[in-house]
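The values are calculated or read from the model by the stated rules, or taken from the named source; none is laboratory data. Source: prediction; values computed, not measured. Note: ideal-geometry Cβ built from the backbone for every residue, glycine included; neighbour counts use all protein chains shown. What goes into the accessible areas is simple: the full protein's heavy atoms, side chains included, and nothing from ligands, DNA or RNA. Shrake-Rupley method; radii C 1.70, N 1.55, O 1.52, S 1.80 Å.
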Amino acid sequence: SGPAPVDEPRQAADGAAVPGAPPALDRQSLQRLLGAVVAISADRDPRTVLHRIVEAATHLVGARYGALGVLGEGGAFVDLITMGIDDPQLCADMGLPQGHGVLHTLVADRRTLRVSDVAAHPRAAGFPPGHPVMRTLLGVPLVVRDTVYGDLYLADKADGTPFDDDDEHLLTALASAASVSIENARLYEHLKRAAEHFQRRMLPVLPDLSPLRAAARYEPASELPKLGGDWYDAMVLPDGATCVVVGDVTGHDVEVAPLMGQLRNMLRALALDRCEPPGLVVSRLDRALMMFEDPPTATLVFGRIECGREGYTFGWSNAGHPPPLLIGAEGDTRFLAPMRHGIPVGIDETVPRFSHTHPLPPESTLLLFTDGLVERRDQDIDTGLRDLAEDAASLATAPPDELCDALITRRGHVFDDDVAVLALRIPASCTG
């Protein structure tokens, strides 16, 4: 549903109802309207959609000012998105929107409102100090499934003429399309939150890995339908070693997350049962995946952190995954990328797997991550890896939690793919 149908009585310049339907759109107006609708529909983020609605309406009618007051669940105004006001913080500083006066009339009556002299309107409440004084007003409610989502209103045409029937018809038609876009954006946001919640529930809570300090983060892709299969895991094995893994199941759909859960549990069982070198465990996983009629494929790094006479060491096997990053206590960095790089699991069980080892200096940090952290559509992955190393170097002494948070937020939470990050801080000494 949307604003009141166009054949219902409209408000005249003085606010009184007048009969009659607005005229049909001419070809030029229709083209402008369609262009505005396309602009509104170009994004699925709810707040971006609202901004596009105000911008499209203002340009469509040729108004100097535009605004969209957003109503909360209780019916009170909770946000105001403006167009044409030089200082975007002005309304917030004045405590707007306040939800009274002429604008309250717009929401309460659920009708298009056209006012030729705002100051003379019987319900006018005046403008707060510092607010631009507006003379004429054209507004429509935004209604989604019989619920008023907010009000869209324009003030003062740029050419100085009053709002007319054509302007009202254009804005009413735009509001109808805008209501659909708002509903779609809200449904998209609900679906995205549900998908993210489902994905996070599939991931483990890190156990106490003392004396190692550990932190992990998961960040979903910025757009649906990219419900991904990235995961992390860590646990202490029966032989005292700490097992760590970060992986990425191939694909992005609702089937991937359950497959990720299955694969993660299989790898856990194999690691706990045998306590073998990483290459052998990954080989066993390859063979186990052959029980599937259509084996899932995944990239991963699976490893063991052990404390010995020479200090801590990291033994690992890489199955087609981005290499771990070792961050020294002084900020030096090194990607652990041996020459023998394995293929993803689930492709060919006969391909040999290799185990590699590298010392972990005191108070260094081992960082495992999935490719979403370093891959972008507009850059080479090597650039992403270099940027990651530089950012991590500056955070060498930060606690693992802060390190993970900083690496996620450096991209503004905008990712082409979902991201899993696992950081482990090595103790100053080894007592093994």
Boolean, residue 315 is surrounded by fewer than 20 Cβ atoms within 10 Å (Cβ to Cβ) and on the phi > 0 side of the Ramachandran plot: no
Breaking point among (1) over 24 Å from the mean Cα position of the chain (by Cα); (2) modelled with pLDDT of 95 or more, for residue 347: (2)
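Where residues in region 334-345 are outside any strand (DSSP E or B) and under 29 Å from residue 394 (Cα atoms), which of them is most open to solvent (accessible area, probe 1.4 Å)? Quick ask: steps written out before the conclusion?
So the first thing to find is which residues in region 334-345 are outside any strand (DSSP E or B), and the list is 336-341, 343-344.
Now restrict to residues that are under 29 Å from residue 394 (Cα atoms): 336-339, 341.
Numbers: 336: 6, 337: 66, 338: 37, 339: 182, 341: 90 Å².
Selected residue: 339.
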Of the criteria (1) more than 24 Å from residue 387 (Cβ to Cβ); (2) surrounded by fewer than 20 Cβ atoms within 10 Å (Cβ to Cβ), which one residue 331 fails: (1)
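Condition check ((1) not in a loop (DSSP other than H, G, I, E, B); (2) not acidic (Asp, Glu)) across all residues:
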site	(1), (2)
347	no, yes
350	no, yes
353	no, yes
363	no, no
382	yes, no
391	yes, no
Among (1) open to solvent by less than 20 Å² (accessible area, probe 1.4 Å); (2) closer than 21 Å to residue 425 by Cβ - the single one residue 307 does not satisfy: (1)
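Yes/no per residue for (1) of a type in the set (Gly, Ala, Ser); (2) in a loop (DSSP other than H, G, I, E, B); (3) within 21 Å of residue 340 (Cα to Cα):
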site	(1), (2), (3)
235	no, no, no
244	no, no, yes
248	no, no, yes
258	no, no, no
270	no, no, no
280	no, no, yes
284	no, no, yes
287	no, no, yes
295	no, yes, no
Output for region 311-328, where each listed residue is outside any loop (DSSP other than H, G, I, E, B), over 14 Å from residue 388 (Cα atoms) and out of contact with any Phe, Trp or Tyr (no Cβ under 7 Å at 6 or more places or on another chain): 311, 312, 313, 314, 315, 318, 319
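Quick one: is residue 276 in contact with a helix residue (DSSP H, G or I) (Cβ under 9 Å, 6 or more places away or on another chain) and part of a loop (DSSP other than H, G, I, E, B)? Can you show your working first?
Working: in contact with a helix residue (DSSP H, G or I) (Cβ under 9 Å, 6 or more places away or on another chain): yes; part of a loop (DSSP other than H, G, I, E, B): yes.
It is true that residue 276 is in contact with a helix residue (DSSP H, G or I) (Cβ under 9 Å, 6 or more places away or on another chain) and part of a loop (DSSP other than H, G, I, E, B).
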Residue ID - surrounded by the fewest Cβ atoms within 10 Å (Cβ to Cβ), chosen from residues in region 382-432 that are within 20 Å of the chain's Cα centre (by Cα) and basic (Lys, Arg): 410
Filter result (modelled with pLDDT of 75 or more, under 17 Å from residue 203 (Cβ atoms) and open to solvent by less than 10 Å² (accessible area, probe 1.4 Å)) within region 234-258: 234, 243, 244, 245, 246, 247, 249
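Here are 137, 152: which of them is out of contact with any Gly (no Cβ under 8 Å at 6 or more places or on another chain), surrounded by 21 or more Cβ atoms within 10 Å (Cβ to Cβ) and at pLDDT 75 or above?
On inspection, the qualifying residue turns out to be 137.
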